[in-house]
Every structure is written in structure tokens, then in C-alpha cells.
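The values are calculated or read from the model by the stated rules, or taken from the named source; none is laboratory data. From a predicted model like this one, the values you see are computed outputs, not experimental measurements. Don't worry about glycine lacking a Cβ; one is built from the backbone with ideal geometry, like all the others, and counts go over all protein chains shown. Quick note on the areas: whole protein, heavy atoms, side chains included, nothing else; ligands and nucleic acids left out. Shrake-Rupley method; radii C 1.70, N 1.55, O 1.52, S 1.80 Å.
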Amino acid sequence: MTGILWEHSALGFFAVSVLLGGGGALMIGRACAKRWSHLAIMVIYCVLLSFAVRFLHFALGDGSLLSIRFWLQDAALLIAIAGFGFRLTRADQMASQYFWLYERTGLLSWRPKP
């Protein structure tokens, strides 16, 4: 059963791309934010992780290894999840390390104190 996001099964996509790959991407985003790295470094790490996720789809779920479409979808998903982890950690850093300058306004945002 081929869907828009998956080749063979939705469960395989969810297990490999979202749980395994997404968990790794979340940790990549958090690690880059904690080191005060640039977002380009995070994107490079996520592209490398997307190759591993594509291989897991090939090895475990009988997916195609060299499919550009599904690799780009996996890479975009991993970059989005890593970006969420990056922004979540950065908002926490700004509000806790610079508490005299910034206050947290939401889950992913902060603002200068009045």
C-alpha cells in the first residue's frame, strides 16, 4: 500500500522515520543549540541522518535505497523535527541564561524584558 509519504506501510514509515529518525533529529537540534552552533551545521547533520534512515527503510522495510523523492521527504521531516528541538532548547537557553534580558513568551519564543 503506497501512500504519499511512505512506500510500503504507514507503520514502517512511522517507526523508522518518525520514531527512530525523528528522535535522533530532535537530539541533533538540541545538541546544536546547546553548543550555540549555526543552523547550517544542524542541516548537514540531518542530511547525514537521512541517509541512515533511508538505509533502514531499505534494510528493514523492503524500501528502495536510491529513491530521491523519499530521501528528500525523510530529510525534510528530519530537518523540521531538528529545527523544533533547536528552537525549543534555544528559547530555554535565552530565558534561563539571560534572565535579566529576556523572558519566555511561549514554547518556542522569547522577548526582551520591558
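A few remarks follow.
- Scanning the range 46-69 for residues that are open to solvent by less than 20 Å² (accessible area, probe 1.4 Å) and of a type outside the set (D, E, K, R) turns up C46, S50, V53, G63.
- Q73 meets the conditions (1) of a type in the set (S, T, N, Q); (2) touching a residue at least 40 places away in the same chain (Cβ under 8 Å); (3) farther than 16 Å from V43 by Cα; (4) part of a helix (DSSP H, G or I) in every case but one. The failed one is (3).
So that you can scan it fast, the table gives a plain yes or no per residue for (1) closer than 16 Å to A76 by Cβ; (2) open to solvent by less than 50 Å² (accessible area, probe 1.4 Å):
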site: A15; (1), (2): no, yes
site: G22; (1), (2): yes, yes
site: A25; (1), (2): yes, yes
site: K34; (1), (2): no, no
site: I41; (1), (2): no, no
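- Selection of first residues in the range 35-49 that are within 15 Å of I81 (Cβ to Cβ) and among the hydrophobic types (A, V, I, L, M, F, W, C) and of second residues that are part of a loop (DSSP other than H, G, I, E, B) and open to solvent by 70 Å² or more (accessible area, probe 1.4 Å), restricted to Cβ pairs under 7 Å at least 6 apart or on distinct chains, gives an empty result.
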